[in-house]
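The values are calculated or read from the model by the stated rules, or taken from the named source; none is laboratory data. None of these values were measured; they are calculated from a predicted model. Cβ sites come from the backbone with ideal geometry, for glycine too, and all protein chains shown count toward neighbours. Only protein heavy atoms, including side chains, enter the accessible area calculation; ligands, DNA and RNA are left aside. Shrake-Rupley method; radii C 1.70, N 1.55, O 1.52, S 1.80 Å.
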Amino acid sequence: MSNRWTEVGGDDSSRGRDYAARFKALAEQGADVHGEASLCASLVGVGARILDAGCGTGRVAIRLAELGYDCVGVDNDLSMLEVAREAAPQLPWLRRDLADLGDLGPPFDLTVAAGNVIPTLSEGTEAVVLSEITERLTDGGLFVAGFGLDVAHLPLDYVPF
């Protein structure tokens, strides 16, 4: 399915490796590349079931799994999922469209859509995606969303900066 992510990044089989290399370089420079995982870990107890929606290369889910959480990653970008599967083959990495998640098993205590997932959804699918995500949460489950702030990833006709 075409979405803003593929429109911005193109259909490139090396995209996953390039994305992972970027975060590896940031970590080597001392950047905290686990901020989203740390936030999620502060919101639910160890062992909680977490959906990483738009998981990309698995950076957030892998870190949460290392901390003792039960994680599932879903993404529609095969090049990103290939990197995630190589990095953590023990975790479930599912190729899914966020507008049609299908059966993901038991409900989740928390879903995270880190970085630029929400801004790069296909135009007009935002409400459907939010419904798909929230329908898979436990009663009282949490949804954490980040938003990329660079112009290339913001779906705005007018950018005021």
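Taking residues in segment 84-99 that are free of Cβ contacts under 8 Å to residues at least 40 places away in the same chain and within 23 Å of Gly124 (Cα to Cα), and partners anywhere that are of a type in the set (Gly, Ala, Ser) and open to solvent by 60 Å² or more (accessible area, probe 1.4 Å), not one pair has Cβ atoms closer than 9 Å while being at least 6 places apart or on different chains.
When Phe147 is tested against (1) within 23 Å of Leu39 (Cα to Cα); (2) at pLDDT 95 or above; (3) not aliphatic (A, V, I, L, M), exactly one condition is not met: (2). The condition (being under 13 Å from the mean Cα position of the chain (by Cα) and either closer than 18 Å to Ala145 by Cβ or touching a residue at least 12 places away in the same chain (Cβ under 8 Å) (or both)) is satisfied by just one residue among Leu104, Leu81: Leu81.
Applying the condition of being surrounded by 19 or more Cβ atoms within 10 Å (Cβ to Cβ) and in a helix (DSSP H, G or I) to segment 20-56 and asking which residue is modelled with the lowest pLDDT yields Ala20. Applying the condition of being part of a loop (DSSP other than H, G, I, E, B) and among the acidic types (Asp, Glu) to segment 89-125 and asking which residue is surrounded by the fewest Cβ atoms within 10 Å (Cβ to Cβ) yields Asp103. Only residues that are open to solvent by less than 40 Å² (accessible area, probe 1.4 Å) and assigned to a helix (DSSP H, G or I) were counted across segment 57-88, and they come to 10.
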